[in-house]
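Have a look at the structure below before the remarks.
Each value in this text was obtained by applying a stated rule to the coordinates, not by laboratory testing. Being a predicted model, the structure only gives us computed values, none of them experimental. FYI the Cβ positions are ideal-geometry reconstructions off the backbone, even for glycines, and counts take in every protein chain you see.
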Amino acid sequence: MAERSSFVLVLALVLVGCGGYEETPLPEDTAGPDIHLVPDIQVVEDQVARNATFETLLVSHDMGDVSYAFVEAVRPVFDPRDLQIDHPYKLVYDRDGVFRRFEYHVDDDRYLEVVSRPDAEPRFEAALVDYEKERHEVAMRGAIDRENNSLTAAMDAGGGSIRLAMSMAEVFAGEIDFNTELQPGDHFELLYERFVRDEVHVTYGDVLAATFHNDGRDLSAYRFEVPGEEPGYYDAEGRSLKRQFLKSPLPFEPRITSRFSYRRLHPILGTRRAHLGVDYGAPTGTRVQAVARGTVEFAGRSGGSGNMVQLRHTNGYQTYYLHLSRFARGIRPGVRVMQGQTIGFVGSTGLSTGPHLDYRIRKNGMFVNPLVEIRNTPPGDPVPPDHMPAFEAMRDRLQAELPGSALARRESPRSFEAGGGQ
């Protein structure tokens, strides 16, 4: 028996020496207890309550003693009165509970950051910070038909949004009156920027390229920036799509309820008299925009015209906007306005049976039909000859990415939005 035990011991020693024996690892639970690390920061997240101010917000987090210095630091970069209900915010503390940073969501592009500097003056530093976002170029198409008889409906069916529809309407604002000129069978293609953050939040950037087939016309637009100038939109030949006047003083979707006439039956007075403008029916509060760059000549009450804005433009033109519910901030005589700038809001003031905009154009002292005259206004400057090679290169690249191009059809479908007309 003793001899057998000795043999086993010798065999074990031989195996160890030859590497044929491996030590059994210890069970994990013999490695000792888990170590719980204290986090370097603590974060408190919340949303702005109704009627909250920065002061009441800080008081609710036991920071009332620094609220004055905090708000004074914020004021140069952000108006404290613009604090919005339900917007998220967060406070960041260190491991000892000392406040270090505040972040407030301003909009889809920016957030307010306030950093604590307890050992310095001023005690707080505030800045508006851009969110980090991924940029994508997205192509889509849509069509005007019986079910989708407006640009917003067609855009929605194509996977776009109202905001994207507004942007496209602005691109072609000098060529198409989206209130009156859309027809069944019209269709469009679009390439635009989309920005994504946190894999959820989406914002839209610029329209990069678009085509629009409207009532037999084929229109195209390509975004291009001439050095030293603001970016603009040009057709395939480099001609500017911007005209002196926009096709309509309202965002698209309202309807024409009365046209230019010298013998219209007045709905209130019951007599036939000249109607020297175009009436657009639209809900009260609809934004009214200046159709061209100009100067405010009059902004106030004007008898049966109600609240009215009168603008003076170049080339002998004046435009009138009647029956407004109210004026946009800062609109007063002598103020310069830009094309597309909001000057007032639709209403029913003066002699009016309901909310609408009476829009008029006067040229060299005589009222003219806005729907006819708008076609005669000159376009903007084309791409300068020395920048045409750069424009053509940009146009060709964007054109190839539109969904109707042969190259785009060979691309992965993930770059396209689903929707009508495909």
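Let a ≥ b ≥ c be the square roots of the eigenvalues of the Cα gyration tensor of the range 41-130; is it rounded (a/c under 1.5), or, if not, prolate (a/b larger than b/c) or oblate? Numbers along the way, then the final one.
Details: a/c = 1.35, a/b = 1.23, b/c = 1.10.
In terms of gyration-tensor shape, rounded.
At a 10 Å Cβ-Cβ cut-off, how would you order Tyr192, Tyr222, fewest neighbours first? Mind dumping the intermediate values first?
Working: Tyr192 22, Tyr222 27.
Result, fewest neighbours first: Tyr192, Tyr222.
Just to confirm the filter: which trypsin sites (Lys or Arg not before Pro) across the range 314-395 are DSSP coil and have at most 13 other Cβ within 10 angstrom of their Cβ? Walk me through the numbers on the way to the answer.
Working: sites: Arg326, Arg329, Arg336, Arg360, Arg362, Lys363, Arg375, Arg395; in loops: Arg329.
The qualifying sites are Arg329.
Give the cross-link partners of Lys247 among the lysines, using a straight C-alpha distance below 26 Å as the criterion and excluding same-chain residues fewer than 8 apart.
Within reach: Lys363.
If the cut-off is 12 Å between C-alpha atoms, which aspartates and glutamates fall inside it for Lys133, apart from same-chain ones fewer than 8 positions away?
Lys133 reaches Asp108, Asp109, Glu193, Asp198, Glu199.
Within the range 224-254, name every residue whose backbone N is under 19 Å away from a label modeled 7 Å from Cα of Ala390 along the Cβ vector.
So the set is 224-241.
Need the C-alpha centroid separation for the range 195-251 versus the range 92-152, integer Å.
Taking the Cα centre of each part, the range 195-251 and the range 92-152 sit 26 Å apart.
Would you mind ranking Met308, Met155 by Cβ crowding within 10 Å, fewest neighbours first? Walk me through the intermediate numbers first.
Values: Met308 23, Met155 27.
Fewest-to-most Cβ neighbours within 10 Å comes out as Met308, Met155.
Cut-off is 10 Å between beta-carbons; in what order do Tyr89, Tyr321, Tyr204 appear when sorted fewest neighbours first? Can you show the working numbers first?
Numbers: Tyr89 20, Tyr321 27, Tyr204 17.
Ranking Tyr89, Tyr321, Tyr204 by Cβ neighbours within 10 Å, fewest first, gives Tyr204, Tyr89, Tyr321.
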